[in-house]
Amino acid sequence: MIFTTHHTRNFFSTACLVASLFVMVALSAMFTSCNPANDPEPEPYTPTPYQIEIPYGFPTRLNVPADNPMTVEGVALGRKLFYDGRLNGRTHPDSLMSCATCHRQEHSFEIGASRPHPFGVTGKPTHHVMLPMINLVWNMGTFGWNGSVPSIEADVLAVISDPTEFDSSPERVVQTLKNIEGYPEMFRKAFGTSQITADQVAKAIAQFVRTLISDNSRFDQYMRGEVQLTPEELRGFVLFTTEEGADCFHCHGGFGNPLFTTNLFYNNGKDSVFTDPYDRFSVTADPMDRGAYKATTLRNIRLTGPYMHDGRFETLEEVINFYSHHLVNTPVIDPLMHHVANDGVQLTPPEKADLIAFIKTLHDEDFINNPAFGKPEEEK
């Protein structure tokens, strides 16, 4: 039999308590280190600023929002998202759809004549023939045929929820992306956090879209003094930039506007009755905006038919014939349609050929083949 004093019992009790606490602390440390969720946040990452090189003769003011500065990492993330078929929040192969499903580089990031009215994952057609994604970093106004979208970022978010496009939700998209290996790290490098949000998805894609710059058409080369236009092309240029000629420049630019659009809205005399619920009037409620739509850029226009907001003209020749002979005069026609009293500019067949020859000098082969704009290699 062993007898202990009161002090001896207290000593052993205290020793056991200390040992127990030590074991608990050690076990806690072990389990914490094995739990990735409790790992400390990685070191802060400073993204690399992305510098847009302004081409010769282009405007120096860029539409880059203060809350979405361009970065190399943001552009790379946006490019990956743009081409990722899981962006609509689905993972089943039969339901994949990305931005690039409709905005195809070979058609200047428009869908092309084979499918003039795109449709979403549900098969429902969209409202209008789309506009190409060219030089949007210089668009200081609104987006879409009627200007209902205030920014590229807002357009991305609208596409996600639109039942005629992704037919999804921001929550669904975020849930899908955060479970795809690699994305959390790309978001951390682009935005400083691996916690993915729909706002960051929209900002990244908008950064990539702002890099889609066309500046090397034959006309650009001519303006830089690198090539000479043919006599036919030069005659077409004169027609394009004079009121006495084809009178195109008011809405589509020319010498002083290398974008070849004002990004403004015009009733250009297509119709006498206005029943379309998606014209400019649907946004402004101004009666003078009935039948008005945005003037599209003419860059790479030969790739982006059919033409007009509803795709009514299949060819550039049909468009030129319309402006020459078939304008419809109404009280809401734009004042810049100076020749409407004569039904159009009344170009002769040789003049029409010259004008089309000039318009084709706005074709930029480099733009539609630029590897920086295409699908990332790992996605091919």
Task: Residues of segment 111-136 classified as more than 20 Å from Y293 (Cα to Cα) and either modelled with pLDDT of 95 or more or of a type outside the set (A, V, I, L, M, F, W, C) (or both), total - done: 6
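Could you check how many residues of segment 313-364 are acidic (D, E), in a helix (DSSP H, G or I) and loosely packed, with under 15 Cβ neighbours inside 10 Å?
Of all residues in segment 313-364, those acidic (D, E) come to 314, 317-318, 334, 343, 351, 354, 364.
Applying the additional criterion that residues be in a helix (DSSP H, G or I) yields 317-318, 351, 354.
After this cut, where a residue has to be loosely packed, with under 15 Cβ neighbours inside 10 Å as well, the list is 317.
Result for segment 313-364: 1.
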- [ ] For N135, state whether it is of a type outside the set (V, I, T) and under 17 Å from I196 (Cβ atoms).
- [x] no
Task: Enumeration of residues in segment 331-365 that are touching a residue at least 40 places away in the same chain (Cβ under 8 Å) and among the hydroxyl-bearing types (S, T, Y) - done: T361
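Only one residue in F143, F191, F187 is free of Cβ contacts under 8 Å to residues at least 24 places away in the same chain, surrounded by 17 or more Cβ atoms within 10 Å (Cβ to Cβ) and aromatic (F, W, Y). Which one? Spell out how you get there, then give the answer.
Details: F191 fails: free of Cβ contacts under 8 Å to residues at least 24 places away in the same chain; F187 fails: free of Cβ contacts under 8 Å to residues at least 24 places away in the same chain.
Being free of Cβ contacts under 8 Å to residues at least 24 places away in the same chain, surrounded by 17 or more Cβ atoms within 10 Å (Cβ to Cβ) and aromatic (F, W, Y) holds for just one of F143, F191, F187, which is F143.
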Open item on the list: Against the conditions (1) in a helix (DSSP H, G or I); (2) without any contact (Cβ under 8 Å) to a residue 12 or more places away in the chain, where does G123 fall short? Just the number, please.
Closed with: (1)
Open item on the list: Need the failing condition index for G78 against (1) assigned to a helix (DSSP H, G or I); (2) surrounded by fewer than 21 Cβ atoms within 10 Å (Cβ to Cβ), just the number.
Closed with: (2)
- [ ] Kindly state which helices (runs of 4 or more DSSP H) lie completely within segment 151-252 and contain at least 1 residues that are among the hydrophobic types (A, V, I, L, M, F, W, C) and in the same structural domain as K352 (by TED's automatic domain parsing).
- [x] 218-223, 231-240, 249-252
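Residues are listed down the side, and each one gets a yes or a no for (1) under 21 Å from the mean Cα position of the chain (by Cα); (2) basic (K, R); (3) not in a loop (DSSP other than H, G, I, E, B):
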residue: G269; (1), (2), (3): no, no, no
residue: V273; (1), (2), (3): no, no, no
residue: Y278; (1), (2), (3): yes, no, no
residue: V283; (1), (2), (3): yes, no, yes
residue: M288; (1), (2), (3): no, no, yes
residue: T296; (1), (2), (3): yes, no, no
residue: R299; (1), (2), (3): yes, yes, no
residue: R302; (1), (2), (3): yes, yes, yes
residue: G311; (1), (2), (3): yes, no, no
TODO: Write out, first by first residue and then by second, each pair whose Cβ atoms fall under 7 Å of each other, whose residues are 6+ apart or on separate chains, and whose first residue, in segment 198-212, is aromatic (F, W, Y) while the second is part of a helix (DSSP H, G or I).
DONE: F208/V75; F208/G78; F208/R79; F208/F82
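Does Y50 qualify as being outside the structural domain of F191 (by TED's automatic domain parsing) and surrounded by fewer than 16 Cβ atoms within 10 Å (Cβ to Cβ)?
no
The values are calculated or read from the model by the stated rules, or taken from the named source; none is laboratory data. These numbers were taken from a predicted model, which means no experiment stands behind them. Using ideal geometry, Cβ is built from the backbone for each residue, glycine included, and neighbour counts are taken over all protein chains shown.
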